[in-house]
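Colleague: For reference, the structure I am asking about is given below.
Each reported figure results from applying straightforward, stated rules to the coordinates on display, with no laboratory input. As the structure is a computational prediction, the values presented were derived from the model and not from experiment. Here Cβ is always computed from backbone atoms with ideal geometry, including for glycine, and neighbour counts include all displayed protein chains.
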Amino acid sequence: MSNDIIDVEPDERADNLKTIGWVSYILHLIVAVGAVMPGAQPGVALLIVALVIDLVKKSDAEGSWQASHFSWRIRTVLWAGVLYVVTAPLWLFFVFPGWVAWGLISIWFLWRIVRGMVAMNKGQAIDG
């Protein structure tokens, strides 16, 4: 055998990608719920694990409806990270505005994760 790559049937590939997608969404959901519940923050480690999974497996999803979900999750994490960093100075000078800003970012993050999970459950690509 000259080919070391094992071909995976399209249905098996789709199932594998969906399983990976659910694992990533659940990790994101745990972090998102923790972000909106004071004192329940599970830590950034889960978010980093989910981001790495998405970055590594994104190319496997190319050409499928699930590719949009990998991009959706990656963009969500990156935008949330940028927004948290940009609003971090509010905590130094004005605690209340910082709290409000981070609360809104956390709710937005949770909304995006739930929206993606609903679309994935329907077997639909996610837009945006």
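Colleague: Based on Cβ point charges of +1 for Lys and Arg and -1 for Asp and Glu, what charge dipole magnitude is obtained for the stretch 10-121 about its Cα centre, in debye rounded to the nearest 20?
Modeller: Once rounded to the nearest 20, the dipole reads 240 debye.
Colleague: Report relative contact order for the chain in percent, whole number only (criteria: Cα-Cα under 8 Å, sequence separation at least 6).
Modeller: Rounded, it is 29 percent for the chain.
Colleague: Rounding to the nearest 10 and keeping the result within 0 to 90°, find how far the Cα-based axis of helix 44-57 lies from the longest principal axis of the chain.
Modeller: Taking the Cα atoms of the chain, the angle to 44-57 is about 30 degrees.
Colleague: Using a cut-off of 15 Å between beta-carbons, work out the net charge of the residues near VAL33 (Lys and Arg +1, Asp and Glu -1, VAL33 not included).
Modeller: The answer is +2.
Colleague: Kirkwood hydrodynamic radius, computed over distinct alpha-carbon pairs, for the stretch 10-121: how many Å, to one decimal?
Modeller: 14.7
Colleague: Something else now. Relative to the longest principal axis of the C-alpha atoms of the chain, give the angle of the C-alpha long axis of helix 95-121, reported between 0 and 90° and rounded to the nearest 10°.
Modeller: That works out to roughly 20 degrees.
Colleague: Do any trypsin sites (Lys or Arg not before Pro) in the stretch 24-94 lie in a loop, going by DSSP, with at most 13 other beta-carbon atoms within 10 Å of their beta carbon, and if so which?
Modeller: Taking the stretch 24-94 and a limit of 13 other Cβ atoms within 10 Å, no loop trypsin sites (Lys or Arg not before Pro) are found.
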